[in-house]
1. Scan the stretch 367-397 for residues that are closer than 23 Å to Lys271 by Cα and among the hydroxyl-bearing types (Ser, Thr, Tyr) and jot them down.
2. Quick one: which residue in Val251, Val303 is farther than 28 Å from Asp399 by Cβ, buried (at least 24 other Cβ atoms within 10 Å of the Cβ) and out of contact with any Asp or Glu (no Cβ under 9 Å at 6 or more places or on another chain)?
3. Go over the candidates Ala343, Ala391 one by one and state the one that is more than 26 Å from Gly446 (Cβ to Cβ), surrounded by 23 or more Cβ atoms within 10 Å (Cβ to Cβ) and modelled with pLDDT of 95 or more.
4. Among Arg376, Arg317, which is the only one that is surrounded by 23 or more Cβ atoms within 10 Å (Cβ to Cβ), over 30 Å from Lys393 (Cβ atoms) and in contact (Cβ under 8 Å) with a residue 40 or more places away in the chain?
5. Any chance you could count how many residues in the stretch 82-103 are under 12 Å from Ala171 (Cβ atoms) and either without any contact (Cβ under 8 Å) to a residue 60 or more places away in the chain or in contact with a Ser or Thr (Cβ under 7 Å, 6 or more places away or on another chain) (or both)?
6. Need the failing condition index for Ala371 against (1) surrounded by fewer than 21 Cβ atoms within 10 Å (Cβ to Cβ); (2) assigned to a loop (DSSP other than H, G, I, E, B), just the number.
7. Please find, within the stretch 393-410, the residue that is nearest to Leu272 (Cα to Cα) out of those that are outside any strand (DSSP E or B) and among the polar types (S, T, N, Q).
8. With the stretch 130-238 as the region, which strands (runs of 3 or more DSSP E) entirely inside it contain at least 2 residues that are out of contact with any strand residue (DSSP E or B) (no Cβ under 7 Å at 6 or more places or on another chain), over 30 Å from Glu92 (Cα atoms) and among the charged types (D, E, K, R)?
Amino acid sequence: MREFETSVQELKDQVLTSVAELAWEDRLTTGILDVPERIIPGPEAKMRCCIYKERAVVSSRIKLALGGDSANPGMVEVMDIACDECPVTQIEVGPACRGCIATRCLHACPKDAISLETHGHHRKAVIDHNKCITCGKCVAACPYGAIEKRQRPCEKGCVAGAISMGEDKKAAIDVNKCVSCGTCTYQCPFGAIMDKSYIVDVVQMLRGAARWDFRVYAVLAPSIAGQFAPATLGQLVTALKMVGFYDVAEVALGADMTAQAEGEELLEKGKLLSSCCPAFVDYVEKNFPDLAPMISHTPSPMVMIGKRIKESDPRARVVFIGPCVAKKREFQMGKTMGTIDCALTFEELYPLFQSKGIDPTILEETPLDEASGYGRSFAHSGGVAGAVAQALKERGVTDKEFKLNAVSCSGLAQCKIELLKMAKGIGDVNFIEGMACEGGCVQGAGILIRSPRNQADVQKYAQAAGERTIAQALTGPEGKAETRKKPVPKKTK
């Protein structure tokens, strides 16, 4: 068993593995009630006040592992039993305050919420929280750094402003603001927020393939590079086929298709917002509706590769596997045209392997080398803009004909800044690459390993494609439109 970066991640893995095992054995209805006690055997509590609360938290996680609240359209949910009621977000004056005579904090406050109080021979700034609007101007003004904005981790991580404190002091998510980026799921140190899982749906799909005469394909996002180390990509492909997938494809090949199409669309419209990140698209639609018409009509790489597979195999069912929580929402949307049947994160793929007792690191490799390095680079910030530039170059477009002025936004905070500029007509940017996760998909909410090395792993994966161009990836070595090679059907007993 691998070592996880946090205890929250380890607990999530245990729950997902247990649920997947029961799904394979068709014992969900009879065995699910035993899972909390099996994971938390006691008698000593390890993370909470008692084993009963720990088991209650596991029960809440099981509900989300089974798909969560069907009445809730959001992809992430707060588990009330797990929320630790962190201190309310507010600004506090710390012990470093010197009671200086400049009183920059007093002058900076727009609501006169700060005053000076004298205690003995020492005076100190005091904040009236009934007046304070937590604007943070005093924090920036204090030369001693004595004023701090204390903020809940989940609220701090939610740039979309969808998380607030409910009347019971527990976190609450506004689905009308949430963009399903999933940042809150790993920002919360108590693991009180979790993304819905469709791992049971995937297991049932794989179990029913032979009976209902369809074939289940796995499509792997390029950010998988290094996530299952020391297992190689080829070993993961073998493991996926052992689980029951009929074939495996690179989402990066869909990215090549997207880059080519977005290049054409950019030439036609003159200004464009990328459509690859569903959380970014959702953020634009909810917060900048006037800019929404500028969102590219080109489908995301996930949809592109799914469409390609289903056009070549009418019996195909396609499962996206990547780092993204928002993809779980995207595959259910009508605009994806039924090209994707389900979505899993890397955090969910590992339990899927465990549930079948498969260790990818000891398997032989199955080659998977279809996409260009430009398509594989979609996984990190700047990759989409770089691929679009390459697509225009391969089309023969010169700077005199059309000059690409792109900006790559790493995280929603940066996206917001560039969108505000565009909305006000500031600057000459004509292509915004929006990534909801800082660093891009390599730092998505559903990854196994959160490290600066992720980007280096993806760059190495991109370089492995050699000098293959986007056009060559899409047409194949003979210059004809490439269709997926259909493998020989497995013999059934």
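1. Tyr374, Ser377, Ser381
2. Exactly one residue qualifies, and that residue is Val251.
3. Matching residue, one of Ala343, Ala391: Ala391.
4. Sole residue among the options that is surrounded by 23 or more Cβ atoms within 10 Å (Cβ to Cβ), over 30 Å from Lys393 (Cβ atoms) and in contact (Cβ under 8 Å) with a residue 40 or more places away in the chain: Arg317.
5. Final tally of qualifying residues: 2.
6. Going through (1) surrounded by fewer than 21 Cβ atoms within 10 Å (Cβ to Cβ); (2) assigned to a loop (DSSP other than H, G, I, E, B) one by one, Ala371 breaks only (1).
7. This residue is Asn405.
8. Passing ranges: none, list empty.
The values are calculated or read from the model by the stated rules, or taken from the named source; none is laboratory data. All figures in this text were calculated on a predicted structure; none of them were measured in a lab. With ideal geometry, Cβ positions are generated from the backbone for all residues, glycine too; neighbour counts draw on all protein chains shown.
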